[in-house]
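The values are calculated or read from the model by the stated rules, or taken from the named source; none is laboratory data. Everything numeric here is computed off the predicted structure, so don't read it as measured data. Neighbour counts run over all protein chains shown; Cβ positions are idealised from the backbone, glycine included. For the accessible areas, the whole protein counts, side chains as well, though only heavy atoms, and no ligand, DNA or RNA atoms are used. Shrake-Rupley method; radii C 1.70, N 1.55, O 1.52, S 1.80 Å.
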Amino acid sequence: MRRFLRHPVRIVPLGFLVAILLGTGVLMLPPATAEHRYTPFVTALFTATSAISVTGMSVVDTSTYWTPVGLVMITVLTQLGGLGILTGATLVILVVARQLGLRNRLLVQAETAEFGIGDVRRLLLRIGLTLLVCEAVITVILALRFTLTYDYPFGRAVWYAVFHAVQGVNNGGFSLYPDSLVGFDRDAWVTVPLALGTVVGGLGFPALFEAVRSWRRPGRWTVNTKLTIWGSAVLLAVGFAVLLSAEWSNPRTLGPLGWAEKVLAAFTQDAFIRTGGFNTVDVTRLDEESYLLLIALMFIGGGSASTAGGIKVATFFLLAFVIWAQLRGEQDVTVGHRRVAPASQRQALTVALLSVALVVAGTVTVILMTTGITYDKVLFEVTSAFSTTGLSVGVAGSLPAAGQVALIVLMYVGRVGTLTLGSAIALNTRTRLYRYPEEQPIVG
């Protein structure tokens, strides 16, 4: 056991598993539910896994099923999940960097900038402080809005503000309202702070810290920061434009709103799509082309070493640069006057293809367990679980226990799997003393 726990790639998934089981035990207790009965094991496990993996998907109505005890537990699990993901990713990167050879250690240090291999304590404190400051600012804004505009009692306003601020910054997605944030689709003071908090939490602190520190010289950003910051901006712009145009005249979503309200609802929903899990538009009433957009954006996810899931923005755009270089017949893949190592290209391809395989396998598995649910909704739900986004079209709650267990596995693997896989690939790097003769098979 000592030898097993010595490896950081094994410690992180094990730590998440222990937290999930402890959270499940607490949520099963009668004081955690409104009916003061024992929660079924699968329901408690689903909720705990969703909270720890900062997914936000639920098989019950969060606002009515759980008592304040259960809701506080969900908040604590989400906060622990967010901090655990960030610190776990940081520590794994640092340990991996130390176990690589000198040449690879220098490459890792150059590419991760703020994640140097020196002052770990300062780095972790900076991450935690940034997270808590963002939550505090959003809490103040929401509490004032709930008190002054919606006449909430002060205690209730603060509680609702804290709960949603934690969910927003950590990309959780649980809500105390049955329709999530649809009721606030015209209120920018509620939706915009949560949307911005979701974007900050989903960028990843390596890229965020460097972008803030060198905002006047974006040309000197590392490749990871460039791919993450500019890639996220492109995805936000494309998602906003497509969602707004597709749903502009849809009478079930944006159609009844004024033009300014349509822009607000489309922007905030676009910000929540890839990572947040909140919805300001009823996703069950979207047009089919919007479903395809949401599935694609959820699968991509957010930035590396962030609270977001998915294959990550840098991975997606790195593969785009690989394809572009191949189409142009170039031997090297370059991003911002920097040549990308072949090992990074193979890692990105491995993560993307394995993620596709998991989503396909999960979709087939859930379809075999259900009847009367169309494949597009199943694919949406499975992608949302794997990418830890949390948006739902109502499939999770209607699944049998076996189908819910399948989503639980996808949420867990989607959260810790990519981190574990990336670390394992990096640690497994080795150089052979010989090379086989080269041959080119027919491709295409």
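Taken as a whole, the structure places Leu410 among residues that are surrounded by 13 or more Cβ atoms within 10 Å (Cβ to Cβ), at pLDDT 85 or above, of a type outside the set (Gly, Ala, Ser) and assigned to a helix (DSSP H, G or I).
Look at Gly239 and say whether it is part of a loop (DSSP other than H, G, I, E, B) and either modelled with pLDDT under 95 or not hydrophobic (A, V, I, L, M, F, W, C) (or both). The answer is no for Gly239. Here region 288-298 is the region considered, the condition is being modelled with pLDDT of 85 or more and either acidic (Asp, Glu) or closer than 30 Å to Leu132 by Cβ (or both), and the residue that is farthest from the chain's Cα centre (by Cα) is Leu297. The residue of region 25-36 that is nearest to Gly84 (Cα to Cα), among those that are in a helix (DSSP H, G or I) and open to solvent by less than 10 Å² (accessible area, probe 1.4 Å), is Leu27. Taking region 160-188 as the range and being farther than 17 Å from Leu391 by Cα and without any contact (Cβ under 8 Å) to a residue 40 or more places away in the chain as the test, the residues that pass are Tyr160, Ala161, Ala165. Residue check: is Thr149 touching a helix residue (DSSP H, G or I) at 6+ places or on another chain (Cβ under 7 Å) and over 28 Å from Thr284 (Cα atoms)? Criteria not met by Thr149. How many residues does region 287-296 contain that are crowded, with 16+ Cβ neighbours inside 10 Å and either on the phi > 0 side of the Ramachandran plot or touching a residue at least 40 places away in the same chain (Cβ under 8 Å) (or both)? Within region 287-296, residues that are crowded, with 16+ Cβ neighbours inside 10 Å and either on the phi > 0 side of the Ramachandran plot or touching a residue at least 40 places away in the same chain (Cβ under 8 Å) (or both) number 5. Give the residues of region 37-67 that are in a helix (DSSP H, G or I) and either of a type in the set (Asp, Glu) or farther than 17 Å from Gly25 by Cα (or both), sorted by residue number. Correct list: Thr62, Ser63, Thr64. So, Gly201, is that one at pLDDT 85 or above and assigned to a helix (DSSP H, G or I) or not? Here the answer is yes, as Gly201 does meet what is asked. Among the residues of region 207-244, those identified as within 21 Å of Asp187 (Cα to Cα) and not aliphatic (A, V, I, L, M) are Gly239, Phe240. Only residues that are surrounded by fewer than 24 Cβ atoms within 10 Å (Cβ to Cβ) and among the basic types (Lys, Arg) were counted in region 259-286, giving 2. If only residues of region 65-111 that are polar (S, T, N, Q) and modelled with pLDDT of 90 or more are counted, the one that is nearest to the chain's Cα centre (by Cα) is Thr78.
Restricting region 204-218 to residues that are assigned to a loop (DSSP other than H, G, I, E, B) and surrounded by 15 or more Cβ atoms within 10 Å (Cβ to Cβ), the residue that is farthest from the chain's Cα centre (by Cα) is Ser214. Regarding Leu244, is this residue out of contact with any strand residue (DSSP E or B) (no Cβ under 7 Å at 6 or more places or on another chain), part of a loop (DSSP other than H, G, I, E, B) and in contact (Cβ under 8 Å) with a residue 12 or more places away in the chain? Criteria not met by Leu244.
Here the condition is being touching a residue at least 24 places away in the same chain (Cβ under 8 Å) and open to solvent by less than 40 Å² (accessible area, probe 1.4 Å); of Val333, Val313, it holds for Val313 alone. Annotation: of all residues in region 136-158 being without any contact (Cβ under 8 Å) to a residue 24 or more places away in the chain and not hydrophobic (A, V, I, L, M, F, W, C), the one that is least open to solvent (accessible area, probe 1.4 Å) is Tyr152.
Taken over region 167-198, residues that are in a helix (DSSP H, G or I), closer than 23 Å to Ser53 by Cα and open to solvent by less than 10 Å² (accessible area, probe 1.4 Å) amount to 8.
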